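The values are calculated or read from the model by the stated rules, or taken from the named source; none is laboratory data. Everything numeric here is computed off the predicted structure, so don't read it as measured data. Quick reminder, even Gly has a Cβ in these numbers, built from the backbone with ideal geometry, and neighbours come from all protein chains shown. For accessibility, only protein heavy atoms count, side chains too; no ligands or nucleic acids. Shrake-Rupley method; radii C 1.70, N 1.55, O 1.52, S 1.80 Å.
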Amino acid sequence: MLLITAFKENLETVKSGKGFLYRAIKEGVESRVRPVMMTALMAALGLLPAALSHGIGSESSRPLARVVIGGILCAMIFSLLVFPLIFSYAYRKFDIRHLDNSTDEK
């Protein structure tokens, strides 16, 4: 949700020139890298003691914590690298339409 909001806000503000969609996506990712990474890393660090524990009852919490940490880190990578590509694929027609309209106005 954070990235979609940032992308759409940037699409409204950066509507000039060729390739404005990719600039809007790049600026959106650059502005949201810190919040996404801090959220994921803090959750992973919070589960790290459970993933490394060897005490009583850790037989069930250790595998669950490891899976959750892996999922959080994969989701972080997915949201910062793969999701912008999917967004650009979905909105590329918007970029092409805008370029057609801007050439008609000139």
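Miscellaneous remarks
- Among (1) at pLDDT 90 or above; (2) farther than 16 Å from residue 9 by Cα, the one test that residue 100 misses: (1)
- When the range 23-56 is filtered for residues that are of a type in the set (Ser, Thr, Tyr), within 19 Å of residue 78 (Cβ to Cβ) and over 11 Å from the mean Cα position of the chain (by Cα), only 39 remains.
- All positions within the range 27-80 that are of a type outside the set (S, T, N, Q), surrounded by 15 or more Cβ atoms within 10 Å (Cβ to Cβ) and farther than 30 Å from residue 11 by Cα: 43, 44, 47, 50, 51, 62, 65, 66, 68, 69
- When residues of the range 72-93 are limited to those that are of a type in the set (Gly, Ala, Ser) and touching a residue at least 40 places away in the same chain (Cβ under 8 Å), the one nearest to residue 22 (Cα to Cα): 88
- Residue list for the range 14-26, filter: open to solvent by 90 Å² or more (accessible area, probe 1.4 Å) and among the aliphatic types (A, V, I, L, M): none
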